[in-house]
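A.B. asks: Quick one: this structure, given as structure tokens, is what I'll be asking you about.
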Amino acid sequence: MRCQTILVTGASGLLGYALTNRLRREADVLPLGFRHAAPETRILDLADPGALAVLDDLRWDALVHCAAFRSPDYCEQHREAARHLNAIVPARLAELARRRGARMIHVSTDYVFPGTQPPYREDDPCRPVNYYGVTKREAECGVAAAYPEAVILRIGALYGAPDVHMGSPLLEEALRALWAPPPVEVDDRVMRYPLFVEDVAEVAAFLLGRDDAGGVVHCGAPLGVTRLGWARLVAGYLGAGSDGLVPTANRSALSALRPLNSQLAVDRLRAMGGPLPRGADGVLPGVLAGCGDWIRSLHGKVTAK
């Protein structure tokens, strides 16, 4: 990697935090966050009109842009705010990066696809089924137009090892379902491919060091599970029972549709010789074994209510 100073937005989130830790092995990192920022993270609201001027005054020669509203239901209900942060800000950041000749990775999502004909390759048609996906697709187009050399990195659902600064929502969701009084209805229709955040950070580090990485790159895991399958997987590695989990009888009250199966093919990443993300079955046992204190703390909070 030839970058000297890397700007990471969304550094107070699960992925941004992992990226900050990984990229610090090879370069200086300027982490930016908004809420619940970890130590050494600079607080900056990217939705603020003056935020881009602040960034333009800083010294950096690479940018990894993670900040976004990621909840499809939030985006469905707060469309103006979602479009501004998810679509307009990335295009403006791409223009900043282009002007200074900085490398850029814009983190996008598998939700730009409709989920009807997986696996999806980089050049497959994008037809998002919810407004979150619409904003992320608009961002992809805006970034590509402003800075064709930028990398657009599409990823799926994330999990990671929780620590003192943040949790891991995908893990927490499964644990809460396991601890709730049965029967607990959990979705068994929508297929996701959980990605370990540290694997995504390795891919980003690899791409920052490539001169030929511009354009769309998929970063997808090989193991697909529904939310019910995920909860059962977590239960199995913890030695916990999951008999109280049952498939959801009707579509949930969530306001945003989800693509049924938006699996990402990793042909381009493989062809470049990049690090391929692992399936959760190869990573999750170690993650759970290493976060026993967090699990016990969460269990105490849940059962105390």
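A.B. asks: Which one of Asp199, Asp267 is under 18 Å from Ala157 (Cα atoms) and modelled with pLDDT of 95 or more?
C.D. replies: Being under 18 Å from Ala157 (Cα atoms) and modelled with pLDDT of 95 or more holds for just one of Asp199, Asp267, which is Asp199.
A.B. asks: What about Ala265, is it surrounded by 14 or more Cβ atoms within 10 Å (Cβ to Cβ) and closer than 17 Å to Gly115 by Cβ? Spell out the reasoning first.
C.D. replies: Numbers: surrounded by 14 or more Cβ atoms within 10 Å (Cβ to Cβ): yes; closer than 17 Å to Gly115 by Cβ: yes.
Criteria met by Ala265.
A.B. asks: Is there a residue being among the polar types (S, T, N, Q), buried (at least 18 other Cβ atoms within 10 Å of the Cβ), free of Cβ contacts under 8 Å to residues at least 60 places away in the same chain and out of contact with any helix residue (DSSP H, G or I) (no Cβ under 6 Å at 6 or more places or on another chain) anywhere in the range 243-256? Spell out the reasoning first.
C.D. replies: Looking only at the range 243-256, we keep the residues that are among the polar types (S, T, N, Q), and these are 248, 250, 252, 255.
So of that shortlist, the ones also buried (at least 18 other Cβ atoms within 10 Å of the Cβ) come out as none.
Checked the range 243-256: no residue is among the polar types (S, T, N, Q), buried (at least 18 other Cβ atoms within 10 Å of the Cβ), free of Cβ contacts under 8 Å to residues at least 60 places away in the same chain and out of contact with any helix residue (DSSP H, G or I) (no Cβ under 6 Å at 6 or more places or on another chain).
A.B. asks: Another question, then. Please go through the range 233-265 and pick out each residue that is within 17 Å of the chain's Cα centre (by Cα) and not in a loop (DSSP other than H, G, I, E, B). Walk me through it before giving the result.
C.D. replies: We begin by selecting, within the range 233-265, every residue within 17 Å of the chain's Cα centre (by Cα); these are 258-259, 261-265.
The answer is Asn261, Leu264.
A.B. asks: Follow-up question, since we're still on this one. Can you name the residue in the range 266-281 that is part of a helix (DSSP H, G or I) and free of Cβ contacts under 8 Å to residues at least 24 places away in the same chain and, of all such residues, is nearest to Leu238 (Cα to Cα)?
C.D. replies: This residue is Arg270.
A.B. asks: Here is a further query. Mind counting the residues in the range 94-118 that are within 25 Å of Ser71 (Cβ to Cβ), in a helix (DSSP H, G or I) and either β-branched (Val, Ile, Thr) or in contact with a helix residue (DSSP H, G or I) (Cβ under 7 Å, 6 or more places away or on another chain) (or both)? So that I can check it myself, show each step before the final result.
C.D. replies: Here is the first cut: in the range 94-118, the ones within 25 Å of Ser71 (Cβ to Cβ) are 94, 104-116, 118.
So of that shortlist, the ones also in a helix (DSSP H, G or I) come out as 94, 110-112.
From what's left, either β-branched (Val, Ile, Thr) or in contact with a helix residue (DSSP H, G or I) (Cβ under 7 Å, 6 or more places away or on another chain) (or both): 94, 111-112.
Looking only at that region, the number is 3.
A.B. asks: Sort out which residues of the range 148-201 are in contact (Cβ under 8 Å) with a residue 24 or more places away in the chain, among the aliphatic types (A, V, I, L, M) and part of a loop (DSSP other than H, G, I, E, B), and write them in order of number.
C.D. replies: Result: Ala150, Ala157, Ala161, Met166, Ala180, Val190.
A.B. asks: Continuing with the same structure: Can you tell me how many residues in the range 53-72 are part of a helix (DSSP H, G or I) and either crowded, with 16+ Cβ neighbours inside 10 Å or in contact with an Asp or Glu (Cβ under 9 Å, 6 or more places away or on another chain) (or both)? Reasoning before the result, please.
C.D. replies: At the first step, the residues of the range 53-72 found to be part of a helix (DSSP H, G or I) are 53-57, 72.
Remaining after also requiring either crowded, with 16+ Cβ neighbours inside 10 Å or in contact with an Asp or Glu (Cβ under 9 Å, 6 or more places away or on another chain) (or both): 54-55, 72.
Selection size over the range 53-72: 3.
The values are calculated or read from the model by the stated rules, or taken from the named source; none is laboratory data. None of the values given here were measured: they were computed from a predicted structure. Here Cβ is always computed from backbone atoms with ideal geometry, including for glycine, and neighbour counts include all displayed protein chains.
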